[in-house]
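The values are calculated or read from the model by the stated rules, or taken from the named source; none is laboratory data. Every value quoted in this text rests on a predicted model; they were computed, and no experiment measured them. Cβ coordinates were reconstructed from backbone atoms using ideal geometry, including for glycine residues, and neighbour counts include every protein chain displayed. Areas reflect the complete protein model, heavy atoms only, side chains present, ligands, DNA and RNA absent. Shrake-Rupley method; radii C 1.70, N 1.55, O 1.52, S 1.80 Å.
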Amino acid sequence: MIKKRRDFNTEELCDLRSFPKCILEEIAVNTNSFTSDAVAVNQYHLLPKYGNGTITNYSSEDIEITISRYQLCKDLVYKPIIHHEILQICFLITGEKIIYLNDTQQVFYENRESYMANIDHFNGYSRILAEKPFKELKVVLPKAFLINHGLINDFDFKNLTDEKLILPITEELLNILLSLEQKNPLEKANRLYLRAKVFELIALQIELYKKNENRPLKTDQNKILNTLYEVKQRIKATIHKNITLTELGEDMGITGPALNKEFIRVFGCSIHDFTISEKMQHAKLLLENSEKMVYQIAEEVGYKNSTHFTAAFKKKVGVTPKQYKKQL
């Protein structure tokens with residue numbers, strides 16, 4: 001039996017993962033396009049059914065910059081199209097975004113955070129949360145750009161799966177991002193300026209990564225996505241216990257009800273439902289891969305007796321543990 005995990009409530013989002021074209025073509029309309037001296041500028045406005053705001057794309061030689069500024073009506077889920085190996089540098093000035101690398105691994109990315117990653121393929125999808133305004137500046141460079149400028153040998157660029165991928169946006173970086181917004185890349189001098197600023201962004205990010213490498217991983221409790229990720233990890237690591245919502249809230253520096261509300265907003269289920277799902281998933285693995293008795297499995301997933309465990313298992317899976325074992 002294959003468990004179908006619901007990561008979020010489909011009624012609360014626009015799911016465009018099956019859309020075959022660039023997501024921009026679906027959610028926005030091109031309102032202005034012009035080219036000057038090999039610089040192409042495309043300006044888009046979000047369609048009302050998705051929200052309100054603008055997306056501006058600049059393409060000059062081997063540099064592409066996209067500036068997104070909008071407020072969504074619903075969470076937006078989409079699958080980015082990546083045709084070749086690239087270096088992607090993203091700066092999220094405001095908003096919340098989750099990058100789903102696979103069924104179990106996600107990257108949480110929110111206000112005043114950035115990352116720089118080498119991407120040669122991507123089979124996952126992304127989700128932009130609608131509750132907060134979204135403002136992001138993204139730079140995309142082909143691998144040839146790194147090779148041509150000797151960057152490929154200077155630094156071991158991270159992948160999306162690497163630890164310590166997410167960095168805070170420093171004041172110095174923020175000033176560069178604001179200046180990029182304000183410059184007109186169609187003027188020749190400003191195209192050179194834009195290119196110089198891209199190199200500056202890369203240099204600063206490399207410097208920050210090197211400094212961050214020797215520091216312990218820290219979670220900013222003001223970042224709700226990081227907090228929710230910690231809750232998930234805590235539940236998975238203590239599957240044999242029954243931690244109350246109040247205890248979780250106290251540990252995370254937020255009230256239990258508020259924590260649960262945010263958990264539902266982001267993941268589409270309550271902390272209780274997620275905990276039960278994880279317990280039953282672990283129980284299924286034990287039934288499939290061990291000869292343990294039902295009462296032993298019940299204890300390992302935090303149930304005081306096998307009767308309560310059997311009832312919970314049947315409610316979630318549809319059959320009793322013994323029937324599940326027999327089906328195998």
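Below are the figures for this structure:
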item: Qualifying residues in the stretch 1-16 (those that are open to solvent by 70 Å² or more (accessible area, probe 1.4 Å) and within 30 Å of Leu285 (Cα to Cα)) - the one modelled with the lowest pLDDT; result: Met1
item: Filter result (open to solvent by less than 40 Å² (accessible area, probe 1.4 Å) and either touching a Gly at 6+ places or on another chain (Cβ under 9 Å) or not in a strand (DSSP E or B) (or both)) within the stretch 29-44; result: none
item: Residues within the stretch 79-94 that are modelled with pLDDT under 95 and under 13 Å from the mean Cα position of the chain (by Cα), tallied; result: 2
item: Odd one out for Lys138, checked against (1) buried (at least 18 other Cβ atoms within 10 Å of the Cβ); (2) part of a strand (DSSP E or B); result: (1)
item: Test: residue in the stretch 169-186 that is closer than 27 Å to Gln105 by Cα and either open to solvent by 40 Å² or more (accessible area, probe 1.4 Å) or in contact with a helix residue (DSSP H, G or I) (Cβ under 7 Å, 6 or more places away or on another chain) (or both); result: yes
item: Unmet requirement for Leu47, which otherwise passes all of (1) open to solvent by 20 Å² or more (accessible area, probe 1.4 Å); (2) of a type in the set (A, V, I, L, M); (3) under 27 Å from Leu174 (Cα atoms); (4) more than 20 Å from the chain's Cα centre (by Cα); result: (3)
item: Failed criterion for Thr161 (all others in (1) in a helix (DSSP H, G or I); (2) modelled with pLDDT of 85 or more; (3) of a type in the set (S, T, N, Q) hold); result: (1)
item: Residue in the stretch 216-235 that is touching a strand residue (DSSP E or B) at 6+ places or on another chain (Cβ under 7 Å) and either over 23 Å from Arg127 (Cα atoms) or basic (Lys, Arg) (or both) present; result: yes
item: Candidates Val231, Val266 - the one that is at pLDDT 90 or above and hydrophobic (A, V, I, L, M, F, W, C); result: Val231
item: Scope the stretch 181-197; condition under 14 Å from Val41 (Cα atoms), at pLDDT 80 or above and of a type in the set (A, V, I, L, M, F, W, C); matching residues; result: Leu194
item: Odd one out for Ser290 among (1) at pLDDT below 90; (2) of a type in the set (Gly, Ala, Ser); (3) within 27 Å of Ile99 (Cα to Cα); result: (3)
item: 3 or more residues surrounded by fewer than 18 Cβ atoms within 10 Å (Cβ to Cβ) and of a type in the set (Asp, Glu): qualifying helices (runs of 4 or more DSSP H) within the stretch 209-328; result: 245-252, 271-289
item: Residues of the stretch 75-87 satisfying the condition of being outside any strand (DSSP E or B) and surrounded by 16 or more Cβ atoms within 10 Å (Cβ to Cβ); result: Lys79
item: Complete set of residues in the stretch 76-86 that are in contact with a helix residue (DSSP H, G or I) (Cβ under 6 Å, 6 or more places away or on another chain) and farther than 16 Å from Val107 by Cβ; result: Glu85
item: Residue within the stretch 104-118 that is polar (S, T, N, Q) and free of Cβ contacts under 8 Å to residues at least 40 places away in the same chain present; result: yes
item: The lone exception for Tyr58 - which of (1) in contact with a helix residue (DSSP H, G or I) (Cβ under 8 Å, 6 or more places away or on another chain); (2) surrounded by fewer than 19 Cβ atoms within 10 Å (Cβ to Cβ) it fails; result: (2)
item: Residue identified as closer than 23 Å to Arg17 by Cβ, small (Gly, Ala, Ser) and open to solvent by 10 Å² or more (accessible area, probe 1.4 Å) among Ala130, Ala144; result: Ala130
item: Candidates Tyr70, Tyr100 - the one that is in contact (Cβ under 8 Å) with a residue 40 or more places away in the chain and crowded, with 20+ Cβ neighbours inside 10 Å; result: Tyr70
